[in-house]
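Trainee: Mind having a look at this structure? Questions to follow.
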Amino acid sequence: MDAPTDIARPYASAERVGPLVRRVLARNPSPFTFTGTQTYIVGDAGEVAIIDPGPADAEHIAAMMDAIGDDRVVAICCTHTHRDHSPAAAPLSQQTGAPIIGCAPLVLRDDGPRADASFDESYAPDRVLADGEALTGAGWTLRALATPGHTSNHLCYALEETGALFSGDHVMGWSTSVVSPPDGDMGAYMDSLSLLYARQQDSVYYPAHGPEINRPHQLVRGMMGHRRQRENQILRQLEAGHIRIAAMVPTMYKGTDERLWPAAGRSVLAHLIDLERRGIVVRNQDDWRLAI
């Protein structure tokens, strides 16, 4: 999951990526954000919505304001409140007068070893969208879909006029999403993948990081299979006597940058908690064993 070093990155400028959709890339590349956070501007007829305004970076905010131009911003929406997604919402709201409408606020003091993506304490929405609730503007409709798992407050947004889905961090083409307890929940994550897989109307996904996904159902099916494979790996590790996460990760993530092993361990923990809920494994402090 290293950030790429060999591709052109159109930072600080808006680019057309599809009908009704433009994208502005923030200059915050990392092993967790790929080339950076992608902010989406939805709408072409004088009224727009902003999805995932990103970090409170002056260059990025200026690029968004330039792209908005004379359009009226109807809403500033966030998929969730990790710091690479929502901090620019407040300054953008101040400059445009637009309300912050979208996911619920959420702050945890410790969400595992991901300091670059800790929760945004400044996020204060004017309105929280319920699952299935819609926002409308001139020529567009965005419908909120509750997709907990990566975080408990994660929302995706479906653009009903075009079949596009803004998938945030829930589905990305370049990497699987980190699911980090206590807030990240593997059972909820799998349920949310199943929800998206059942939606036949979505033809393209625009994630917060990485390129658009033009065969989304195929990718989601593959992601569900990948998570089941990880679960089976964990069960094999337990059968082999590896009862601690630190002993499982080097084998399960062989070939992965060791700097990412702590985050990988959080996903293993999320799998184990889900297996425990289902009565397949039992825990004794930091030790895990197959249930008899």
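Trainee: Restricting to region 272-288, name every residue that is more than 16 Å from SER180 (Cα to Cα), surrounded by 12 or more Cβ atoms within 10 Å (Cβ to Cβ) and not charged (D, E, K, R).
Mentor: If the condition is that a residue be more than 16 Å from SER180 (Cα to Cα), surrounded by 12 or more Cβ atoms within 10 Å (Cβ to Cβ) and not charged (D, E, K, R), then ILE280, VAL281, VAL282, TRP288 are the ones that fit.
Trainee: Next question, about the same structure. Filter region 34-69 down to the residues that are buried (at least 17 other Cβ atoms within 10 Å of the Cβ) and either of a type in the set (Gly, Ala, Ser) or not assigned by TED's automatic domain parsing to the domain that holds GLY18 (or both), then identify the one that is farthest from TYR206 (Cα to Cα). Working first, answer last.
Mentor: We begin by selecting, within region 34-69, every residue buried (at least 17 other Cβ atoms within 10 Å of the Cβ); these are 34-44, 47-57, 60-61, 63-64, 67-68.
If we keep only those that are either of a type in the set (Gly, Ala, Ser) or not assigned by TED's automatic domain parsing to the domain that holds GLY18 (or both) as well, we get 36, 43, 49, 54, 56, 63, 67.
Working: GLY36: 14, GLY43: 15, ALA49: 15, GLY54: 15, ALA56: 21, ALA63: 19, ALA67: 18 Å.
Among them, the one singled out is ALA56.
Trainee: ARG143 passes all but one of (1) free of Cβ contacts under 8 Å to residues at least 24 places away in the same chain; (2) part of a loop (DSSP other than H, G, I, E, B); (3) at negative phi; (4) not hydroxyl-bearing (Ser, Thr, Tyr); which number fails?
Mentor: Looking at each condition in turn, ARG143 falls short on (2).
Trainee: Name, by its number, the condition in (1) more than 25 Å from LEU195 (Cα to Cα); (2) in contact with a Phe, Trp or Tyr (Cβ under 7 Å, 6 or more places away or on another chain); (3) among the basic types (Lys, Arg) that does not hold for ARG283.
Mentor: (2)
Trainee: Which numbered condition in (1) surrounded by 20 or more Cβ atoms within 10 Å (Cβ to Cβ); (2) of a type outside the set (A, V, I, L, M, F, W, C); (3) over 10 Å from the mean Cα position of the chain (by Cα) is the only one that THR147 fails?
Mentor: Among (1) surrounded by 20 or more Cβ atoms within 10 Å (Cβ to Cβ); (2) of a type outside the set (A, V, I, L, M, F, W, C); (3) over 10 Å from the mean Cα position of the chain (by Cα), the lone unmet condition for THR147 is (3).
Trainee: Report, by residue number, each residue of region 177-205 that is of a type in the set (Asp, Glu), out of contact with any strand residue (DSSP E or B) (no Cβ under 6 Å at 6 or more places or on another chain) and in a loop (DSSP other than H, G, I, E, B). Break it down into steps so the answer makes sense when it comes.
Mentor: Let us first name the residues in region 177-205 that are of a type in the set (Asp, Glu), namely 183, 185, 191, 202.
From what is left, the residues that are out of contact with any strand residue (DSSP E or B) (no Cβ under 6 Å at 6 or more places or on another chain) are 183, 185, 191.
The answer is ASP183, ASP185.
Trainee: Need the failing condition index for LYS254 against (1) in contact (Cβ under 8 Å) with a residue 12 or more places away in the chain; (2) farther than 28 Å from ALA26 by Cβ, just the number.
Mentor: (1)
The values are calculated or read from the model by the stated rules, or taken from the named source; none is laboratory data. Nothing here was measured: the structure is a model prediction, and the numbers come from that model. Here the Cβ is made from the backbone with ideal geometry for all residues, glycine too, and neighbour counts use every protein chain on show.
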